[in-house]
1. In the list Leu96, Leu12, Leu82, Leu86, which residue meets the criterion of being farther than 30 Å from Ala148 by Cβ and of a type in the set (A, V, I, L, M)?
2. How many residues does the stretch 99-125 hold that are in a helix (DSSP H, G or I) and touching a helix residue (DSSP H, G or I) at 6+ places or on another chain (Cβ under 7 Å)?
3. When you check Arg71 against the structure, is it out of contact with any Cys (no Cβ under 8 Å at 6 or more places or on another chain), in contact (Cβ under 8 Å) with a residue 40 or more places away in the chain, over 18 Å from Arg21 (Cα atoms) and among the charged types (D, E, K, R), yes or no?
4. Answer yes or no as to whether Arg146 is open to solvent by 80 Å² or more (accessible area, probe 1.4 Å) and over 27 Å from Ala27 (Cα atoms).
5. List every residue pair whose Cβ atoms lie under 7 Å apart, where the two residues are 6 or more positions apart in sequence or sit on different chains, the first residue falls within the stretch 120-134 and is within 19 Å of Ala72 (Cα to Cα), and the second residue, located anywhere, is open to solvent by 40 Å² or more (accessible area, probe 1.4 Å) and at pLDDT 95 or above.
6. Can you tell which of Leu158, Leu96 is out of contact with any Ser or Thr (no Cβ under 8 Å at 6 or more places or on another chain), in a loop (DSSP other than H, G, I, E, B) and buried (at least 17 other Cβ atoms within 10 Å of the Cβ)?
7. Given the residues Gly131, Gly108, which is the only one that is within 13 Å of Ala159 (Cα to Cα), within 15 Å of the chain's Cα centre (by Cα) and surrounded by fewer than 22 Cβ atoms within 10 Å (Cβ to Cβ)?
8. Would you check which residues across the stretch 62-88 are open to solvent by 40 Å² or more (accessible area, probe 1.4 Å), hydroxyl-bearing (Ser, Thr, Tyr) and touching a helix residue (DSSP H, G or I) at 6+ places or on another chain (Cβ under 7 Å) and list them?
Amino acid sequence: MTTASQDARSRLLEAALKVIRTKGYTATRVEEICAEAGLSKGAFFHHFASKEELAVEAAAYWSERTGSFFRAAPYHAHRDPLDRVLGYIDFRRSILRGEVPQFTCLVGTMVQEAYATSPAIREACERSISGHAAEVAKDIALAKRRYAPRASWSAEGLALHTQAVLQGAFILAKARNGPRLAEESVDHLRRYVELLFNRSQSKEKS
């Protein structure tokens with residue numbers, strides 16, 4: 001793929017992220033993505049056979065972009081794994097800024113609409129969400145080993161729960177057209193995690 005062709009493909013994917021997060025997958029038209037990217041429909045269909053194919057590729061692109069973003073986040077500097085878990089939650093709260101489409105999740109938006117009509121999109125979104133949760137689960141597992149080794153819950157289950165809360169928070173943000181309720185939901189998530197690890201008692205024993 002030439003540099004120009006790669007650039008066009010990236011522009012279409014970036015446009016898809018913006019338009020779909022603003023309007024939703026179903027309401028988004030190929031023409032709108034092309035207009036946002038400043039490219040023709042011919043360019044679109046040179047790279048993607050359909051809007052569905054674009055959506056699947058956009059989910060992978062979203063994972064790449066957000067993966068890099070979270071890997072560079074400051075919470076990784078904490079030595080204590082529980083501090084990293086709580087820092088992750090704090091970081092998620094801190095990025096609830098700007099207009100709703102700027103902080104909501106592309107794959108969460110798409111899977112809510114397409115889970116029953118497009119297995120390909122559903123599977124792509126599941127890979128993205130579960131892949132991100134798996135990264136969070138690494139620190140949760142270390143924190144569990146240190147602070148709650150006998151707990152019956154799993155690191156994977158708690159990591160997926162964090163994503164369930166965040167996706168639900170995005171829905172509330174859309175319903176209220178603002179981040180306030182989403183921020184409150186993330187605050188509740190943080191308190192839940194602190195209680196789950198019984199951190200104050202654990203610190204006294206250490």
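1. Working: Leu96 fails: farther than 30 Å from Ala148 by Cβ; Leu82 fails: farther than 30 Å from Ala148 by Cβ; Leu86 fails: farther than 30 Å from Ala148 by Cβ.
Among Leu96, Leu12, Leu82, Leu86, only Leu12 is farther than 30 Å from Ala148 by Cβ and of a type in the set (A, V, I, L, M).
2. Final tally of qualifying residues: 14.
3. So Arg71 fails the test.
4. Considered against the rule, which asks whether it is open to solvent by 80 Å² or more (accessible area, probe 1.4 Å) and over 27 Å from Ala27 (Cα atoms), Arg146 comes out as yes.
5. Correct list of pairs: Ser128/Ser63; Gly131/Ser63; Ala133/Leu160.
6. On the way: Leu158 fails: in a loop (DSSP other than H, G, I, E, B).
Checking each option against the conditions leaves just Leu96.
7. None of the others qualify; the one that does is Gly131.
8. Ser63 - this is the single residue of the stretch 62-88 that is open to solvent by 40 Å² or more (accessible area, probe 1.4 Å), hydroxyl-bearing (Ser, Thr, Tyr) and touching a helix residue (DSSP H, G or I) at 6+ places or on another chain (Cβ under 7 Å).
The values are calculated or read from the model by the stated rules, or taken from the named source; none is laboratory data. Here the structure is a predicted model, which means the values were calculated and not measured. With ideal geometry, Cβ positions are generated from the backbone for all residues, glycine too; neighbour counts draw on all protein chains shown. When the accessible area is computed, the model is the full protein with side chains, heavy atoms only, and any ligands, DNA or RNA have been set aside. Shrake-Rupley method; radii C 1.70, N 1.55, O 1.52, S 1.80 Å.
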